[in-house]
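What follows is a structure written as structure tokens; I'll ask about it next.
The values are calculated or read from the model by the stated rules, or taken from the named source; none is laboratory data. Quick caveat, the model's predicted, so the values are computed rather than measured. Reconstructed Cβ throughout: ideal geometry from the backbone, glycine too, with neighbour counts over all protein chains shown.
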Amino acid sequence: MKRRYPFQVKLFLSLVLFSCLLLALQGVILFHFIDRQLHHDLGQRARVQASEIALMPGLAEKVASRDLAAIARLIQPLRDQSDASYIVIGDVHQQHLYHSESPERLNLPLIGGDNAEVLQGKTIISVRKGGIGVSLRSKAPVFNAQHQVIGIVSVGYLTSYIANINVSLLWQASLYGLALLLLLFLFSWMFSRNLKKQMFWLEPKDIALLVLQQKALLEAMYEGVFAVNAERQLILINRAARELLAIDRSESELLGKPLDEVIQIHPAFLSQSVGDESGRQHDRITVLNQRQVIVNRVAIDLQPGEPGGWVCSFRDKNDINTLSSQLSQVKRYADSLRIMRHEQLNWTATLVGLLQMQRYDDAMRYIQAQSAGAQQVLDFVSARFTSPALCGLLLGKYVGAREKGVELKFDPACQLSRLPAAISETALMSVVGNVLDNAVDATLSVRRPAPPVELYISDRNHELVIEVADQGCGVDEALKPHLFEQGVTSKPARDDDLLGAEHGIGLYLAASYVHQAGGSIEIEENSPQGTIFSVFIPFQPLASTGIAL
């Protein structure tokens, strides 16, 4: 079975192998450069020495007379000071008159076959095999007084000598190269380890699998998701987000573009100052591309305190409203059926008793009294409010409050013939229903019998006015500035709260709808006790900034 190495080991070995190949290539180039430069330098040095020796006083006369002993005495001191491998003096007949390394070659022919140009009066540099081996040498002519060539001076460096110099230089360079290689080993290991740490110690195949899984997950999500970096450039957007925001371009065309060019969003939404210290926001109502959505935002923390971007998920606010409306309707139906069942059982039991006692007149009066009260409320609500949904809500709240022992009283001046354009029917029912529930619960927390809850709704004077007054426990002064914030409540939690109104959600949603419509909501103390909630929504609201409570 083929052994598989971890990514860190593979990267380390790859870097080391590449470094070794790079150093080897650099060594070959360095050797070639040093060898060429050394041949050039030694060739020029041999040329200078040969030319200087050829011009020595008295050398021409001694060469012309073939005085071998005199030539040896003249050249030997120079030989002792020169670093050349040999010095040779020859005559015009190309025979040795002096050889510093092989005296036995005197009167023997010069070897190499490179004397023709020298005998013509030229100084040359050549590489030839001589009597003691291959050498790099320079030859210069010796002239007499009539400027005629009468001899040859040859100064040479054996190629073995040059090779020794190259080896010495390369050995020194190898020591530096070895030290550099050790540093590269250390760097490669630290680099691969740091890279693996930044990859959360995952293998590349694991990262690729995670990327594919993330992409599939994002595409399968119903919620829209997009992410931006610290420069507010789009780095991720899924299919649902493009569909919800009516963006007809593909993800590849959008990535890397500034967020403002793709999505119209309030600039303060992605600022660090908005939300809590962790950069998280949940269930924020805002506007994206002229569409109201519920947004969650989470900061990408690359380093503590330095967000590297944000990830936002959102859903269409209308979907939330639809679900909330359906849930509210189901709850109202369930409450109404339960109430009707209890009341019908009581009425039936009473009628059965009256009929068994044969008190038929009392039974008729009882039936008329019960139907008269319900019919009176039904007639009042139907006549004063044109919205069928609101009528159903108010009747449900009336019956529910009566079952709890609280009377819901409608102000005789109630009137609602139209709705402001800035608020939907669903939002209006949420506002009225949550404020009424809050008032009924506050009333139940005080003495018995419970005092009534009063409701006033009017569309006069160019604004919609909703007032709900109770004589309950009231609101603490310290809590009033925060009462409409999400999660803030003055009531204990209840397990049977389906809508979440008693958990700091109901009044928050009501205030959100009111502010989105350009209205306001106020809290006042009731006399002798309790609270008055007042809602004002103009029929021509101010332009929305896109950021709601």
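When you check Gly156 against the structure, is it within 30 Å of Ser135 (Cα to Cα) and either modelled with pLDDT under 80 or outside any helix (DSSP H, G or I) (or both), yes or no? Quick ask: steps written out before the conclusion?
Numbers: within 30 Å of Ser135 (Cα to Cα): yes; either modelled with pLDDT under 80 or outside any helix (DSSP H, G or I) (or both): yes.
Judged against the criteria, Gly156 is a match.
Let me ask something else about it. Just checking, which of Leu17, Leu11, Leu23 is exposed (fewer than 13 other Cβ atoms within 10 Å of the Cβ), within 51 Å of the chain's Cα centre (by Cα) and either hydrophobic (A, V, I, L, M, F, W, C) or in a helix (DSSP H, G or I) (or both)?
Values: Leu11 fails: exposed (fewer than 13 other Cβ atoms within 10 Å of the Cβ); Leu23 fails: exposed (fewer than 13 other Cβ atoms within 10 Å of the Cβ).
None of the other options fit; the residue is Leu17.
Just to be sure, is Gln344 surrounded by 14 or more Cβ atoms within 10 Å (Cβ to Cβ), at pLDDT below 70 and not assigned by TED's automatic domain parsing to the domain that holds Gly506? Spell out the reasoning first.
Working: surrounded by 14 or more Cβ atoms within 10 Å (Cβ to Cβ): no; at pLDDT below 70: yes; not assigned by TED's automatic domain parsing to the domain that holds Gly506: yes.
Answer is no for this residue.
Restricting to region 130-153, name every residue that is β-branched (Val, Ile, Thr), within 20 Å of Gly58 (Cβ to Cβ) and either part of a loop (DSSP other than H, G, I, E, B) or under 60 Å from the mean Cα position of the chain (by Cα) (or both).
Just the residues of region 130-153 that are β-branched (Val, Ile, Thr), to begin with: 132, 134, 142, 149-150, 152-153.
Okay, now just the ones that are also within 20 Å of Gly58 (Cβ to Cβ), so 142, 149-150, 152-153.
Scanning region 130-153 gives no hits.
Residues being farther than 24 Å from Ala517 by Cα, part of a helix (DSSP H, G or I) and modelled with pLDDT of 85 or more: count how many of those fall in region 402-450.
Total meeting the criteria: 5.
If I go through region 176-206 residue by residue, how many of them are assigned to a helix (DSSP H, G or I), of a type outside the set (D, E, K, R) and surrounded by 12 or more Cβ atoms within 10 Å (Cβ to Cβ)?
Keep residues of region 176-206 that are assigned to a helix (DSSP H, G or I), which gives 176-198, 204-206.
Keeping just the survivors that are of a type outside the set (D, E, K, R) gives 176-192, 194-195, 198, 204.
Okay, now just the ones that are also surrounded by 12 or more Cβ atoms within 10 Å (Cβ to Cβ), so 177, 180-181, 184-185, 187-189, 191-192, 195.
Qualifying residue count for the region: 11.
On to the next question. Quick check on region 219-235. Is at least one of its residues within 20 Å of the chain's Cα centre (by Cα), in a helix (DSSP H, G or I) and at negative phi?
yes
A further question follows. Tell me whether region 111-126 contains one or more residues that are in contact with a strand residue (DSSP E or B) (Cβ under 6 Å, 6 or more places away or on another chain) and basic (Lys, Arg).
no
Test Ala401 against the criterion of being over 52 Å from the mean Cα position of the chain (by Cα), buried (at least 19 other Cβ atoms within 10 Å of the Cβ) and of a type outside the set (Ser, Thr, Tyr), and give yes or no. Walk me through it before giving the result.
Values: over 52 Å from the mean Cα position of the chain (by Cα): yes; buried (at least 19 other Cβ atoms within 10 Å of the Cβ): yes; of a type outside the set (Ser, Thr, Tyr): yes.
When the stated conditions are applied, Ala401 passes them.
Say whether the condition of being aromatic (Phe, Trp, Tyr), surrounded by 12 or more Cβ atoms within 10 Å (Cβ to Cβ) and either assigned by TED's automatic domain parsing to the domain that holds Ile247 or in contact with a Phe, Trp or Tyr (Cβ under 7 Å, 6 or more places away or on another chain) (or both) is met by at least one residue in region 207-226.
Yes.
All but one of (1) more than 24 Å from Trp201 (Cα to Cα); (2) among the charged types (D, E, K, R); (3) not in a helix (DSSP H, G or I) hold for Arg47; which doesn't?
Result: Arg47 passes all but (3).
Look at region 51-71 and say how many of its residues are under 21 Å from Lys122 (Cβ atoms), assigned to a helix (DSSP H, G or I) and aliphatic (A, V, I, L, M).
Pass one, region 51-71, residues under 21 Å from Lys122 (Cβ atoms): 51-56, 59-60, 63-64.
Narrowing further to those that are assigned to a helix (DSSP H, G or I): 51-54, 59-60, 63-64.
Remaining after also requiring aliphatic (A, V, I, L, M): 53-54, 59-60, 63-64.
Within region 51-71, residues that are under 21 Å from Lys122 (Cβ atoms), assigned to a helix (DSSP H, G or I) and aliphatic (A, V, I, L, M) number 6.
This table checks each residue for (1) out of contact with any strand residue (DSSP E or B) (no Cβ under 7 Å at 6 or more places or on another chain); (2) modelled with pLDDT under 90; (3) closer than 19 Å to Gln44 by Cβ.
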residue	(1), (2), (3)
Lys129	yes, yes, no
Ser138	no, no, yes
Val142	no, no, no
Leu169	yes, yes, yes
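Now, a different point. Which one of the conditions (1) modelled with pLDDT of 90 or more; (2) surrounded by fewer than 19 Cβ atoms within 10 Å (Cβ to Cβ); (3) acidic (Asp, Glu) does Asp470 fail to meet, given that it meets all the rest?
All conditions are met except number (2).
Hey, another quick one. Would you be able to say whether some residue in region 316-324 is modelled with pLDDT of 70 or more and not β-branched (Val, Ile, Thr)? It would help to see each step written out before you state the result.
Let us first name the residues in region 316-324 that are modelled with pLDDT of 70 or more, namely 316-317.
Next, from what is left, pick out any that are not β-branched (Val, Ile, Thr): 316-317.
Yes, region 316-324 contains a residue that is modelled with pLDDT of 70 or more and not β-branched (Val, Ile, Thr).
Evaluate the following for Leu74: is it in contact with a helix residue (DSSP H, G or I) (Cβ under 7 Å, 6 or more places away or on another chain), outside any strand (DSSP E or B) and within 17 Å of Thr159 (Cα to Cα)? Walk me through how you get there before you give the answer.
Working: in contact with a helix residue (DSSP H, G or I) (Cβ under 7 Å, 6 or more places away or on another chain): yes; outside any strand (DSSP E or B): yes; within 17 Å of Thr159 (Cα to Cα): no.
So Leu74 does not fit the description; no.
Let me spell it out: the conditions are (1) at pLDDT below 90; (2) of a type outside the set (Ser, Thr, Tyr); (3) outside any helix (DSSP H, G or I), and Ile87 meets all of them except one. Which number is the exception?
Evaluating Ile87 over (1) at pLDDT below 90; (2) of a type outside the set (Ser, Thr, Tyr); (3) outside any helix (DSSP H, G or I) leaves (1) as the failure.
Something else now. Taking into account only those residues within region 527-542 that are surrounded by fewer than 17 Cβ atoms within 10 Å (Cβ to Cβ) and among the polar types (S, T, N, Q), which is modelled with the lowest pLDDT?
Gln540
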